[in-house]
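*Asks:* Got a structure for you, written out below as structure tokens; questions coming shortly.
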Amino acid sequence: MEIQRIGIVGAGQMGNGIAHVCALAGYDILMTDMSQDALDSATALIGKNLERQVSREKISKDDMALAIGRIKTTLKLPDLGQTDLVIEAATERETIKTAIFEDLVPHLKPETILTSNTSSISITRLASRTDRPEKFMGFHFMNPVPVMQLVELIRGIATDEPTFAACHKVVDRLGKTAATAEDFPGFIVNRILMPMINEAVYTLYEGVGSVQSIDVSLRLGANHPMGPLELADFIGLDTCLAIMNVLHDGLADTKYRPCPLLTKYVEAGWLGRKSGRGFYDYRGDEPVPTR
């Protein structure tokens, strides 16, 4: 099928980024969220990010105007029923995602493809709660979406070839690169990345190094653009913990046990950049290590 209209569930960091790149690629976007404030904030942020691309001569002013014109919003989830492709980008909790798909399914066209931007939850299990497991797959964008070039495409056990081909075509049109992953906990990126971050937290927990020494070691010693603790703060410590729990529960291997210090930070509400404190304190002019 030819995909032209894309529905996006969730107007947060990932949802607005996906709307941005899809609109820029010429798709008509309908984005939904539970609050009008979230939709308004997302629309404003998309405009700001497009302006930044114009200022850096990545796109033209005409490109920006056309992209903004292609993005519509709604508070009514059923309105997404007439889109060709739905990308769910809600909170990384399976109960929430399942409820969204169950509410949406009765309103969908028979040919609509359902996808989830989940970073770790079983695609097969999510698909099984819908009426179209063969037209369901994982569509995992990296954060920040306008900058990162990779999209993980994850087949569930029932995903058919036309669905995979249609989603791959969308990735190509976005100018991004697709990596095909099998439906196992964490897929590829987070199966490798999150244990590294978790090990960095253990290194801090055990007193091997400070926040600053751990991050500078990986930046300068392994040529990483961000240290692992800085990256954890950027991702969100709650998200890191949720993915580690999925890996630990799904693979039943003690090497995926979340570090107690990571759990403690999440319990304290120190979730990283989005809450103002994590492994760094962001409330001043410059980030300051909290340990």
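*Asks:* Could you please tell me which pairs satisfy a Cβ distance under 8 Å, a separation of 6+ or placement on different chains, a first residue in the stretch 79-108 that is modelled with pLDDT under 95, and a second residue that is of a type in the set (S, T, Y) and in a helix (DSSP H, G or I)?
*Replies:* Sorted first by the residue in the stretch 79-108, then by its partner, the pairs are E92/T239.
*Asks:* Which members of the stretch 203-233 meet the condition of being in contact with a strand residue (DSSP E or B) (Cβ under 9 Å, 6 or more places away or on another chain) and in contact (Cβ under 8 Å) with a residue 40 or more places away in the chain?
*Replies:* Residues satisfying the conditions are S210, V211, Q212, L229, E230, A232, D233.
*Asks:* Of all residues in the stretch 201-223, how many are over 20 Å from W270 (Cα atoms), in a helix (DSSP H, G or I) and among the β-branched types (V, I, T)?
*Replies:* 1
*Asks:* Within the stretch 224-240, is there a residue that is more than 23 Å from P144 (Cα to Cα), assigned by TED's automatic domain parsing to the domain that holds N198 and not aromatic (F, W, Y)?
*Replies:* no
*Asks:* Give G227, G236 a once-over and let me know the one that is crowded, with 17+ Cβ neighbours inside 10 Å and closer than 12 Å to G278 by Cβ.
*Replies:* Result: G236 is the single residue among G227, G236 that is crowded, with 17+ Cβ neighbours inside 10 Å and closer than 12 Å to G278 by Cβ.
*Asks:* Identify, by number, the condition in (1) touching a residue at least 40 places away in the same chain (Cβ under 8 Å); (2) of a type outside the set (K, R); (3) not assigned by TED's automatic domain parsing to the domain that holds R125 that G175 doesn't meet.
*Replies:* Of everything listed in (1) touching a residue at least 40 places away in the same chain (Cβ under 8 Å); (2) of a type outside the set (K, R); (3) not assigned by TED's automatic domain parsing to the domain that holds R125, G175 misses just condition (3).
*Asks:* As an exercise: evaluate M14 against (1) hydrophobic (A, V, I, L, M, F, W, C); (2) in contact (Cβ under 8 Å) with a residue 40 or more places away in the chain; (3) in contact with a helix residue (DSSP H, G or I) (Cβ under 7 Å, 6 or more places away or on another chain) and give the number of the one condition it does not meet.
*Replies:* (3)
*Asks:* Return the residues of the stretch 92-112 that are surrounded by 15 or more Cβ atoms within 10 Å (Cβ to Cβ) and not aliphatic (A, V, I, L, M); say none if nothing qualifies.
*Replies:* Answer for the stretch 92-112, where residues must be surrounded by 15 or more Cβ atoms within 10 Å (Cβ to Cβ) and not aliphatic (A, V, I, L, M): E92, E94, K97, T98, F101, T112.
*Asks:* Same structure again: Filter the stretch 135-166 down to residues that are among the small types (G, A, S) and assigned to a loop (DSSP other than H, G, I, E, B) and give me whichever is farthest from S120 (Cα to Cα).
*Replies:* Among those residues, the one meeting the criterion is A158.
*Asks:* Further question: Within the stretch 139-159, can you find the residues that are closer than 17 Å to E111 by Cα and crowded, with 18+ Cβ neighbours inside 10 Å?
*Replies:* T159
*Asks:* Further question: Quick check on the stretch 32-54: of everything there that is closer than 15 Å to I8 by Cα and of a type in the set (D, E), which residue is surrounded by the fewest Cβ atoms within 10 Å (Cβ to Cβ)?
*Replies:* Per the stated criteria, the residue is D40.
*Asks:* What are the residue pairs meeting all of these: first residue in the stretch 273-289, first residue under 11 Å from D233 (Cβ atoms) and touching a residue at least 24 places away in the same chain (Cβ under 8 Å), second residue of a type in the set (S, T, N, Q) and part of a helix (DSSP H, G or I), Cβ atoms under 6 Å, and 6 or more apart or on different chains?
*Replies:* P289/Q212
*Asks:* Which one is surrounded by the fewest Cβ atoms within 10 Å (Cβ to Cβ) among residues in the stretch 1-23 that are of a type in the set (A, V, I, L, M, F, W, C) and over 17 Å from M34 (Cα atoms)?
*Replies:* M1
*Asks:* Go through (1) surrounded by fewer than 21 Cβ atoms within 10 Å (Cβ to Cβ); (2) at pLDDT 95 or above; (3) of a type outside the set (F, W, Y) and name the single condition G250 misses.
*Replies:* Of (1) surrounded by fewer than 21 Cβ atoms within 10 Å (Cβ to Cβ); (2) at pLDDT 95 or above; (3) of a type outside the set (F, W, Y), only one is false for G250: (2).
The values are calculated or read from the model by the stated rules, or taken from the named source; none is laboratory data. Given the structure is predicted, the values throughout are model-derived calculations rather than measurements. Positions of Cβ are generated from backbone atoms using ideal geometry, with glycine treated the same way; all protein chains shown enter the neighbour counts.
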